[in-house]
Amino acid sequence: MSAVPFLSSLFFLAVLTASVKPLGRYMARVYQGERTLLSPVLGPLERIVYRVAGVDASASMHWTRYAFAMLWLNVLGALAVYGLQRAQSILPANPQSMGAVSADSAFNTAVSFATNTNWQGYAGEATMSYLTQMLGLAVQNFVSAACGMAVLIALIRGFSSRNSDSIGNFWVDCTRSILYVLLPLSLLLAGALVTQGVVQSFSPYATVALVQPVDHEKAAEDAEGKPRLDAEGKPVMEAARTTEQKVPLGPAASQVAIKQLGTNGGGFFNVNSAHPFENPTPLSNFLQVLAILLIPAAFCYTFGAMVGDTRQGWAIYAAMTFVFVALLGVATWAEQTGNPQLAARGVDDRASALQSGGNMEGKEVRFGIAASALWATTTTAASNGSVNSMHDSYTPLGGAVPMWLMQLGEVIYGGVGSGLYGMLVFAIIGVFIAGLMIGRTPEYLGKKLEAFEIKMAAIVILVPPLFVLAGTALAVMSEAGRAGIANPGAHGFSEILYALSSAGNNNGSAFAGLSANTPFYNTLLGVAMWCSRYWLAIPVLAIAGSLAAKKTVPSGPGTLPTHTPLFVALLIGTVLVVGALTFVPALALGPIVEHLLLYPAR
Amino acid sequence: MFKELKTAFLMLLVFTLITGVAYPLLVTVFAQVAFNDAANGSLIMRDGKAVGSRLLGQPFSDAGYFWSRPSATGPMPYNGAASSGSNQGPLSPALHEAVEGRLAALREASSPADAATAVPVDLVTASSSGLDPHISPAAARYQIERVATTRKRPAEQIAALVAQHTEPRWLGLLGEPRVNVLELNLALDGLSAK
């Protein structure tokens, strides 16, 4: 095995870590309303936004008002996306003449994009018009990300302010997230992606002549263009020859950039960032995978800077990175080891200078094992959900890593904003557990944690497992749920567990063999996505409001310092123990059984 | 509770104008002006006709061409309008059946001397997109003998062509070495034309 996977991952972590402080400090300045490099350009635009919408930027909101502002923006956003999909056939910018999306699919996609999940029940290049992609999906990529960022900033203000009945202005936090953070970074990234070959065009799909025409079978059609069925109701196949290839186009680069930076993950095309037009080169791949973690990682520093002690932020970053590196190691090792049952058939899957080897089913040659495993780990550590390889075809342990990372609650870096607010809730629980051990009232960053905060934190930790486990149980018990399974046996169970883990933690990636574009899954997953976004964000805002109203207590001899290795270990322990206790029984029925079947005892 | 509804409506409108109209248009103008070829699908032109995209693979089955990776798109392989992976798990009977078929086809087409060689894994497994334009250098090397024999060319000449079309890792670090199958096959046809 070569050193390349190790070195390229190290390079990735080095670049990520180096960007934490500059970007984190910049964002702290933005949210505190200080002048930045971009203020001369964006300041006037920001003021125009407030004037048009009638926002008083100096008014600070009570947490309930803050929550309603966020909810209304998301409800209207979801309605807009739903409407665009249903009406796209009569709207402009639809050169491929896409028809209206079905009601259940449109509902699922609308919720999916408003909640920053970006689960894709549809195939982009065969479903969505350019207008829907641009005005609906891309806008929600920005807005849903900005909402997560705003909630995080509100929570940080809860820690940093004293005796205050308000936690900031939602519209200001949201606008600044978009104008000062997401938009400039997206412009840079989109520009870089275009140079690599990511398409950006409003032309209809191009057609090219195949060098060698291909003979294949296709479903026979009757005179009305409907598929012909035989006596058993199966479609009749007939021989066909195809001499041309469609070359799909569209405004992809602009959308791919924000889908990564906003940890959205909804692809322009069906196979997402595995598509050569979304992710054509190793460099475009590196930029995108970096963009996924860039903002979530930098927020650790922003948090430290805003609470007045950057060590607090670095401690959280250290805990996240520790878990990330460990699981990245498992995923890379498992995928590089490959499929022993194929090797036994005379397939050469050993790594060499001439091939990456390993488990190449569902992976692209330009990415190989190292860049695919890095992406799978990154996209599920963050709540991104874009993919550059098909997780459904991973080895059992390789596929268990992304699944478990989602089940941990998307707090290993996590989504923009949502990752860190989730992690801070785990920190609250960790401090609470430590407080119980020594018999002291727990405090974090000078704020006493009392019954209300712990109750809210418990809700945040319990809601996603509820939807993941209960949803999985419901799906495997119902005919409609089992009908979607593509792979037989334990892997089929994994497909369902993965889908619910993804929706219930707002990730959006999939074991894509599962046929989830059905009324059953569109509804079940839609409800899971909606609840596990707002039933978390609202309690977090409640914690923010409650903390902001408290006074700050000076640290005493009974205070647990929260910037030390001891605290880092405590935090990691809390995340892993909660994640393991909740999900190991379910994982045992899926990936663990499958692993034992792949390596049968002799 | 409804106090923020009107603001939310206006805000969504403004955000839509900025991020849904101005932003993609700005990127499109930049892309179309500065990187016209890349922004429009990186098409390969021959005699004024587009014969493919450098970034999208095409299916090949003639013994005289290098074969691309298996593709799981339907109804035909390498369907540019419907990207898809196979989504078959490692124990899937369908996967094992498909791999057997691909191994048999490759071995049948190659010379008896090569039939016993283990086949590079990327040549018998479906790609993630179904449109993978590349094969590994190992997969190209595996096919050199067959292509050379079919085209009645010295194997060294074909090997040199493969080497010419092999891209290394970026900075020796990122991604994997790879061979663009469509470009390689077009170059093969170019040899015969001379």
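The values are calculated or read from the model by the stated rules, or taken from the named source; none is laboratory data. Only a predicted model underlies this, so the values are computations on that prediction, with no experimental measurement involved. Here the Cβ is made from the backbone with ideal geometry for all residues, glycine too, and neighbour counts use every protein chain on show.
Hey, among the residues in region A:32-80 that are β-branched (V, I, T) and assigned to a helix (DSSP H, G or I), which one's farthest from the other protein chains (Cβ to nearest Cβ)? If you could, list the steps in order and put the result at the bottom.
Kept after step one, since they are β-branched (V, I, T), are these residues of region A:32-80: A:36, A:41, A:48-49, A:52, A:55, A:64, A:75.
Add one more test, that the residue is assigned to a helix (DSSP H, G or I), and what stays is A:41, A:48-49, A:52, A:64, A:75.
Values: A:V41: 13, A:I48: 8, A:V49: 5, A:V52: 6, A:T64: 9, A:V75: 8 Å.
The extreme case among them is A:V41.
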**Asked** Would you call B:V14 within 7 Å of chain A (Cβ to nearest Cβ) and assigned to a helix (DSSP H, G or I)?
**Response** yes
**Message:** Return the pair list, or none, for Cβ contacts closer than 8 Å from residues in region A:294-314 that are modelled with pLDDT of 95 or more to residues that are buried (at least 20 other Cβ atoms within 10 Å of the Cβ) and of a type in the set (D, E, K, R), at least 6 apart or on different chains.
**Reply:** A:M306/A:R157
**Prompt:** Does any residue in region A:44-56 that is farther than 17 Å from A:G33 by Cβ come within less than 9 Å, Cβ to Cβ, of a residue that is charged (D, E, K, R) six or more places away or on a different chain, and which pairs are these?
**Reply:** A:A53/B:K6; A:G54/B:K6
**Message:** For A:T395, only one of the following conditions fails: (1) farther than 23 Å from B:R178 by Cβ; (2) under 22 Å from the mean Cα position of the chain (by Cα). What is its number?
**Reply:** (1)
**Scan of region A:187-204 for residues that are closer than 19 Å to A:Q133 by Cα, at the interface with chain B (Cβ under 7 Å from one of its Cβ atoms) and either surrounded by 18 or more Cβ atoms within 10 Å (Cβ to Cβ) or free of Cβ contacts under 8 Å to residues at least 60 places away in the same chain (or both), ordered by number** = A:A190, A:G191, A:V194, A:V199, A:Q200, A:S201
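Have a look at B:S53, B:S42 and point out the one that is at positive phi and either touching a strand residue (DSSP E or B) at 6+ places or on another chain (Cβ under 7 Å) or at the interface with chain A (Cβ under 7 Å from one of its Cβ atoms) (or both).
Values: B:S53 fails: at positive phi.
Step by step, each of B:S53, B:S42 is checked, and only B:S42 is at positive phi and either touching a strand residue (DSSP E or B) at 6+ places or on another chain (Cβ under 7 Å) or at the interface with chain A (Cβ under 7 Å from one of its Cβ atoms) (or both).
So which of A:E453, A:E410 is acidic (D, E), out of contact with any Cys (no Cβ under 8 Å at 6 or more places or on another chain), part of a helix (DSSP H, G or I) and in contact (Cβ under 8 Å) with a residue 12 or more places away in the chain? Give the derivation first.
Details: A:E410 fails: part of a helix (DSSP H, G or I).
None of the others qualify; the one that does is A:E453.
Inside region A:379-401, can you point out the residues that are in a helix (DSSP H, G or I), within 14 Å of chain B (Cβ to nearest Cβ) and of a type outside the set (D, E)? Outline the logic, then answer.
In the first step, residues of region A:379-401 are kept if they are in a helix (DSSP H, G or I); the result is A:379-381, A:391-393, A:396-401.
Keeping just the survivors that are within 14 Å of chain B (Cβ to nearest Cβ) gives A:379, A:391-393, A:396-400.
Correct list: A:T379, A:H391, A:S393, A:P396, A:L397, A:G398, A:G399, A:A400.
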**Message:** Residue pairs, Cβ under 6 Å, 6 or more apart or interchain, first in region B:82-110 and under 25 Å from A:H275 (Cα atoms), second of a type in the set (D, E) and buried (at least 18 other Cβ atoms within 10 Å of the Cβ). List them.
**Reply:** B:N87/A:D392
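Okay, residues lined up against (1) modelled with pLDDT of 95 or more; (2) surrounded by fewer than 22 Cβ atoms within 10 Å (Cβ to Cβ); (3) within 23 Å of the chain's Cα centre (by Cα):
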{"position": "A:S509", "(1), (2), (3)": "no, no, yes"}
{"position": "A:L524", "(1), (2), (3)": "yes, no, yes"}
{"position": "A:T582", "(1), (2), (3)": "no, yes, yes"}
{"position": "A:A601", "(1), (2), (3)": "no, yes, no"}
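Farther than 14 Å from A:C147 by Cα and facing chain B (nearest Cβ under 9 Å): does that describe A:A110? Show your work before the answer.
Numbers: farther than 14 Å from A:C147 by Cα: yes; facing chain B (nearest Cβ under 9 Å): no.
Answer is no for this residue.
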**Message:** If I filter region A:205-219 for residues that are outside any helix (DSSP H, G or I), on the phi > 0 side of the Ramachandran plot, touching a residue at least 24 places away in the same chain (Cβ under 8 Å) and among the polar types (S, T, N, Q), do I get at least one hit?
**Reply:** no
**Fill in**
The correct count of residues that are surrounded by fewer than 17 Cβ atoms within 10 Å (Cβ to Cβ) and either among the hydroxyl-bearing types (S, T, Y) or under 30 Å from A:E495 (Cβ atoms) (or both) in region A:560-580 is 4
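Condition check ((1) under 17 Å from B:L186 (Cα atoms); (2) in contact (Cβ under 8 Å) with a residue 12 or more places away in the chain; (3) within 14 Å of another protein chain (Cβ to nearest Cβ); (4) out of contact with any strand residue (DSSP E or B) (no Cβ under 6 Å at 6 or more places or on another chain)) across all residues:
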| position | (1), (2), (3), (4) |
| --- | --- |
| B:T125 | no, yes, yes, yes |
| B:P133 | yes, yes, yes, no |
| B:S136 | no, yes, yes, no |
| B:A160 | yes, no, no, yes |
| B:P168 | no, no, yes, yes |
| B:G172 | no, no, yes, yes |
**Asked** So A:W404 clears everything in (1) of a type outside the set (A, V, I, L, M); (2) crowded, with 24+ Cβ neighbours inside 10 Å; (3) within 14 Å of A:Y498 (Cα to Cα) except one condition, right? Which one?
**Response** (2)
